[in-house]
Amino acid sequence: MAKKTIKKAKSKTSKKASPHLRAKQAAVKHAAGPAALRYTSWGSIPLEELNPLLQRQFVVGQEIMLARVLLKKGCIVPEHSHHNEQLTYIIEGALKFWIDGKEIVVNAGETLCIPSNMPHKAEAMVDTVDLDIFAPPRADWINKTDQYLRGKK
């Protein structure tokens with residue numbers, strides 16, 4: 001009897017999980033195992049081409065994701081929001097953000113912290129290399145269901 005109850009609880013969780021729980025499950029599935037120490041070079045991670053102006057790579061930990069995003073001049077990241085907190089650091093170039101009723105240009109060496117669920121849009125002012133940190137990891141990126149980034153400028 002106890003085994004049946006456990007199985008029912010597990011199946012309910014997987015079918016009706018919250019977006020946060022689904023993201024955590026996807027991240028754990030994508031990560032290298034519990035509390036694993038990993039060393040990775042960007043050169044060992046294939047570039048994922050989302051559209052002709054946008055490529056990315058990412059590494060997923062237990063509770064965090066680091067993404068290297070390459071944007072060609074003029075690349076538009078359409079307005080979107082997500083439950084993940086985002087910290088953006090520009091390595092090279094510049095991104096203009098439309099966020100919270102403001103236009104903010106983030107240049108090389110600068111950061112922008114975007115709270116959970118805050119709608120934002122961005123445009124690459126020049127060819128740009130950006131590091132994005134997400135907590136928790138982005139399940140839509142891991143599962144490749146991020147259609148707002150695919151196939152468009």
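None of the figures in this text is laboratory data; all of them are computed from the coordinates on show. Keep in mind it's a predicted model, so treat the numbers as computed, not measured. Positions of Cβ are generated from backbone atoms using ideal geometry, with glycine treated the same way; all protein chains shown enter the neighbour counts.
Summary table
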item	result
Residues within segment 65-108 that are more than 14 Å from the chain's Cα centre (by Cα), closer than 28 Å to Thr40 by Cα and assigned to a strand (DSSP E or B), tallied	8
Test: Glu123 is surrounded by fewer than 18 Cβ atoms within 10 Å (Cβ to Cβ), charged (D, E, K, R) and closer than 19 Å to Leu54 by Cα	no
Thr88 of a type in the set (Ser, Thr, Tyr) and surrounded by fewer than 20 Cβ atoms within 10 Å (Cβ to Cβ)	no
Test: Lys144 is in a loop (DSSP other than H, G, I, E, B) and of a type in the set (D, E, K, R)	yes
Tally of residues being of a type outside the set (D, E, K, R), over 13 Å from Lys121 (Cα atoms) and surrounded by 13 or more Cβ atoms within 10 Å (Cβ to Cβ) across segment 95-111	2
Per-region count, segment 109-141, residues of a type in the set (Gly, Ala, Ser) and assigned to a loop (DSSP other than H, G, I, E, B)	2
